[in-house]
Amino acid sequence: MKSPITIVFRKELKDALRDKRSVMAAMSYAFFGPLLMAVAFYVLISQLTDDSDVKIDIEGAAHAPAFVEHLERNGVVQRDEAWPAGQQPIVLAIAEGWDESIATAQPAKVTLTADFSSQKQRTDIRRVESAVENYSKQLSYIRLQMRGIDPRITQGVDLVKHDTATKGSKAAILMGSVLIFILLSVFFSGMNVAIDISAGERERNSLELLLSQPLTTHQLVWGKSLAASAFAMFGGLLSAILIPIIFKFLPLHEIGMSVSLAWPMILLIIVLLVPLALLATALQLFVSFRAKSFKEAQTYISLLLMAPMLVVFGVEFAKVKNQILYYLPLTGQHQALLDIIKGEPLQWVAMGISALATFVVSILLLKLISRMLSSEKVVFGL
Amino acid sequence: MIEVKSLQKAFGKVTALDGLTFSAPEGQITGLLGPNGAGKTTCLRTIYGLLKADSGEALIDGVDANKDPLAVRRKIGIFPDKFGLYERLTAREQISYFATLHGMEGEAGDAAVAEVLSRLDMNAIADRRATGFSQGQRMKVALAQAIVHRPKHLILDEPSRGLDVMSTRILRDLLRELRDQGTSILFSSHVMQEVAALCDQVVVVAAGKVAAQGTPTELCEQTGESALEEAFVKIIGTDEGIAA
């Protein structure tokens with residue numbers, strides 16, 4: 001005889017697959033989340049790597065044609081069009097006595113007027129500044145050489161910058177935020193199904209008859225939660241596969257990053273998501289079996305969704321570092337995913353412990369739900 | 001055989017069942033007649049183990065649902081107080097779901113489902129999804145779910161609510177047929193006509209107690225009235241909550 005768990009699981013899965021709303025919900029989060037991230041990163045990268053000329057107002061260009069030529073070579077050119085509304089003009093004014101200052105080896109006066117607090121113009125201003133500084137340096141070199149002095153005398157310290165950040169570790173910062181999408185996808189994707197098979201059952205008045213059938217509440221709860229977990233896992237699977245693919249199409253190398261996830265790693269991520277999918281479902285069922293209607297359950301669950309988001313974002317942005325994070329449900333998977341993406345050595349034992357912890361918590365929750373459903377107070381809302 | 005022995009049940013301060021005792025033997029239709037709020041649904045829910053009695057016991061073939069709910073539920077078919085359908089499943093799938101939960105699967109299960117579909121004249125709607133079913137069609141699906149595993153005991157909670165004449169007739173014919181096959185049938189109602197037309201035995205319930213018991217004729221004789229309705233009113237002392 002087939003186990004009642006299998007019977008319930010198959011029926012709920014069939015029912016859920018026919019519900020377009022549930023399927024769409026599972027798909028859309030997993031699909032549009034990463035896509036949205038990709039667009040955001042694309043815009044960011046193209047801003048960072050913008051090497052078109054900086055167009056500014058240059059006043060008194062006629063006084064210093066050689067200087068203006070140098071600026072042009074460095075991508076700082078005279079602006080022809082008007083400044084867009086809301087943007088302060090960047091003005092470089094060359095003082096009248098340029099020729100005289102050069103001839104007498106005095107500092108030639110150049111004034112840079114701009115809104116230095118403007119985020120948007122920051123890179124433009126910096127480029128103007130460095131072009132001017134470069135010219136100034138060249139000028140002093142020539143002056144020193146003309147007086148028979150080694151220009152290196154002006155250099156007290158030679159600072160050699162040695163960047164140890166690997167392309168992978170730079171990418172980790174970026175991928176950290178993407179990870180959140182993968183982790184949360186299991187919470188979002190199964191949500192609709194979880195509500196439908198719990199609060200929905202009550203709302204359409206089918207709960208009483210179902211509970212009067214020859215199966216234990218334990219079997220009923222497991223059958224239902226496996227069906228909802230399957231949906232959650234489907235979302236997780238989709239986003240875990242989609243995100244690396246989408247990142248292949250982003251020109252990340254232009255900002256010195258590389259994200260390369262080999263298929264075994266993606267497979268590992270998917271395996272890590274399995275216990276999390278069960279936990280997500282158990283939490284959602286726990287909440288929505290108490291609700292009397294679909295609407296009520298939705299309200300509770302959207303509050304519930306804040307919990308994993310807060311945990312993951314909290315750890316991510318507060319930069320909490322503690323070994324215990326590796327062992328707990330949710331944070332354990334988060335840390336493991338971070339390590340995978342950074343290309344750091346994986347803590348297999350910790351991964352196993354957190355997976356086990358996640359399973360244990362889920363099983364306890366499902367036990368609790370079974371007990372709830374055996375209670376007449378919960379079932380009939382007495 | 002369904003036996004109810006001095007059931008006591010209180011919800012907070014409200015006493016729903018107050019020492020209710022009766023039995024529904026095999027091959028008989030027993031009607032649980034009572035005004036709204038008399039404790040009919042509470043009694044039925046206690047029999048199939050969804051509610052726990054404070055004291056007393058409800059036995060199906062000698063098994064107490066509070067002690068071994070699964071054993072009891074395997075022996076009974078239930079037509080509950082509220083019957084919601086799974087809107088995205090077809091009639092056949094719904095019935096088959098309940099059949100498999102009762103351990104009927106494979107060809108035997110399919111055959112049982114097909115049989116009950118034709119018995120209830122549902123072949124036209126068998127493969128349609130439940131969305132858009134009429135009240136009568138929904139009732140048929142619920143009824144089919146209750147009898148597909150051929151239970152020895154059938155418990156129905158106000159089965160004729162909102163049914164048209166044709167559906168009511170199908171329901172009555174079916175219940176009589178099952179009775180003749182030896183099923184013990186217990187159903188609750190507050191509709192006099194239905195009870196009079198169908199029941200071999202009537203248990204009148206008021207305020208959680210048995211107010212009177214017997215065949216419709218016996219009840220009339222006891223009260224010296226000629227119509228069951230008058231007898232009923234005399235028994236419970238009020239005509240509140242009764243439909244003719």
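Given the condition touching a helix residue (DSSP H, G or I) at 6+ places or on another chain (Cβ under 6 Å) and within 14 Å of another protein chain (Cβ to nearest Cβ), answer yes or no: does some residue in the range A:242-255 qualify? No, because not a single residue in the range A:242-255 is touching a helix residue (DSSP H, G or I) at 6+ places or on another chain (Cβ under 6 Å) and within 14 Å of another protein chain (Cβ to nearest Cβ). Is it true that residue B:93 is assigned to a helix (DSSP H, G or I), touching a helix residue (DSSP H, G or I) at 6+ places or on another chain (Cβ under 9 Å) and of a type outside the set (Ser, Thr, Tyr)? For residue B:93, the condition - assigned to a helix (DSSP H, G or I), touching a helix residue (DSSP H, G or I) at 6+ places or on another chain (Cβ under 9 Å) and of a type outside the set (Ser, Thr, Tyr) - is met.
What's the total number of residues in the range A:1-43 that are within 14 Å of chain B (Cβ to nearest Cβ), more than 30 Å from residue B:73 (Cβ to Cβ) and not aliphatic (A, V, I, L, M)? I'd like the intermediate steps shown before the answer.
Kept after step one, since they are within 14 Å of chain B (Cβ to nearest Cβ), are these residues of the range A:1-43: A:1-23.
Within this subset, residues satisfying the condition of being more than 30 Å from residue B:73 (Cβ to Cβ) are A:20-21, A:23.
After this cut, where a residue has to be not aliphatic (A, V, I, L, M) as well, the list is A:20-21.
Within the range A:1-43, residues that are within 14 Å of chain B (Cβ to nearest Cβ), more than 30 Å from residue B:73 (Cβ to Cβ) and not aliphatic (A, V, I, L, M) number 2.
When residue A:177 is tested against (1) closer than 22 Å to residue A:306 by Cβ; (2) surrounded by fewer than 22 Cβ atoms within 10 Å (Cβ to Cβ); (3) within 13 Å of chain B (Cβ to nearest Cβ), just one condition goes unmet, and that condition is (3).
Screening the range A:279-379 for helices (runs of 4 or more DSSP H) wholly inside it with 1 or more residues that are under 26 Å from the mean Cα position of the chain (by Cα), free of Cβ contacts under 8 Å to residues at least 12 places away in the same chain and under 24 Å from residue A:179 (Cβ atoms) returns the ranges A:294-318, A:331-342, A:348-374. Considering the conditions (1) under 24 Å from residue B:73 (Cβ atoms); (2) in a helix (DSSP H, G or I), residue B:186 is excluded by exactly one of them, (2). Residue A:357 satisfies every condition listed in (1) of a type outside the set (D, E, K, R); (2) more than 14 Å from residue A:274 (Cβ to Cβ); (3) at pLDDT 95 or above except (2).
In this structure, does residue A:239 turn out to be within 13 Å of chain B (Cβ to nearest Cβ), among the hydroxyl-bearing types (Ser, Thr, Tyr), within 26 Å of residue A:20 (Cα to Cα) and in contact with a Phe, Trp or Tyr (Cβ under 8 Å, 6 or more places away or on another chain)? Working first, answer last.
Working: within 13 Å of chain B (Cβ to nearest Cβ): no; among the hydroxyl-bearing types (Ser, Thr, Tyr): yes; within 26 Å of residue A:20 (Cα to Cα): yes; in contact with a Phe, Trp or Tyr (Cβ under 8 Å, 6 or more places away or on another chain): yes.
Taking the combined requirement at face value, the residue does not satisfy it.
In the range B:212-222, the qualifying residues are those that are in contact (Cβ under 8 Å) with a residue 12 or more places away in the chain and within 19 Å of residue B:193 (Cβ to Cβ), and the one that is surrounded by the fewest Cβ atoms within 10 Å (Cβ to Cβ) is B:215. In this structure, is residue B:111 within 13 Å of chain A (Cβ to nearest Cβ), part of a helix (DSSP H, G or I) and either within 23 Å of residue A:8 (Cα to Cα) or touching a residue at least 40 places away in the same chain (Cβ under 8 Å) (or both)? Taking the combined requirement at face value, the residue does not satisfy it. Here residue B:37 meets the list (1) surrounded by 20 or more Cβ atoms within 10 Å (Cβ to Cβ); (2) within 15 Å of residue B:157 (Cβ to Cβ); (3) not polar (S, T, N, Q) almost entirely, failing just condition (1).
Taking the stated definitions as given, is residue B:88 in contact with a Lys or Arg (Cβ under 7 Å, 6 or more places away or on another chain), surrounded by fewer than 23 Cβ atoms within 10 Å (Cβ to Cβ) and within 14 Å of chain A (Cβ to nearest Cβ)? Against the criterion (in contact with a Lys or Arg (Cβ under 7 Å, 6 or more places away or on another chain), surrounded by fewer than 23 Cβ atoms within 10 Å (Cβ to Cβ) and within 14 Å of chain A (Cβ to nearest Cβ)), residue B:88 qualifies. If the condition is being without any contact (Cβ under 8 Å) to a residue 40 or more places away in the chain and under 16 Å from the mean Cα position of the chain (by Cα), then the range B:1-41 contributes only B:23.
Summed over the range B:52-85, the residues that are assigned to a strand (DSSP E or B) and either crowded, with 22+ Cβ neighbours inside 10 Å or touching a strand residue (DSSP E or B) at 6+ places or on another chain (Cβ under 9 Å) (or both) give a count of 11. Looking at the structure I just gave you, is residue A:208 part of a helix (DSSP H, G or I), farther than 27 Å from residue A:280 by Cβ, within 14 Å of another protein chain (Cβ to nearest Cβ) and modelled with pLDDT of 85 or more? The answer is yes for residue A:208. Apart from one condition, residue B:223 fits all of (1) touching a Pro at 6+ places or on another chain (Cβ under 6 Å); (2) at pLDDT below 85; the exception is (1).
Of all residues in the range B:96-108, which are assigned to a helix (DSSP H, G or I) and over 22 Å from the mean Cα position of the chain (by Cα)? Answer for the range B:96-108, where residues must be assigned to a helix (DSSP H, G or I) and over 22 Å from the mean Cα position of the chain (by Cα): B:106, B:107, B:108. Looking only at residues in the range B:48-65 that are within 11 Å of chain A (Cβ to nearest Cβ) and touching a residue at least 12 places away in the same chain (Cβ under 8 Å), the one that is nearest to residue B:143 (Cα to Cα) is B:48. Scanning the range B:91-102 for residues that are more than 8 Å from chain A (Cβ to nearest Cβ) and either within 24 Å of residue B:162 (Cα to Cα) or among the charged types (D, E, K, R) (or both) yields a total of 4.
For the range A:266-315, name all the residues that are of a type in the set (Gly, Ala, Ser) and surrounded by fewer than 17 Cβ atoms within 10 Å (Cβ to Cβ). Passing the criteria: A:293, A:302, A:307, A:314. Go through the range A:264-297 residue by residue and tally those that are modelled with pLDDT under 90 and over 13 Å from residue A:203 (Cα atoms). Number satisfying all stated conditions: 3. I'd like to know if the range B:190-213 contains one or more residues that are in a loop (DSSP other than H, G, I, E, B) and more than 20 Å from residue B:4 (Cα to Cα). There is no residue in the range B:190-213 that is in a loop (DSSP other than H, G, I, E, B) and more than 20 Å from residue B:4 (Cα to Cα). Across the range A:211-236, the qualifying residues are those that are out of contact with any Lys or Arg (no Cβ under 9 Å at 6 or more places or on another chain) and at the interface with another protein chain (Cβ under 9 Å from one of its Cβ atoms), and the one among them that is surrounded by the fewest Cβ atoms within 10 Å (Cβ to Cβ) is A:216.
The values are calculated or read from the model by the stated rules, or taken from the named source; none is laboratory data. Here the structure is a predicted model, which is why all the values come from computation and not from measurement. Reconstructed Cβ throughout: ideal geometry from the backbone, glycine too, with neighbour counts over all protein chains shown.
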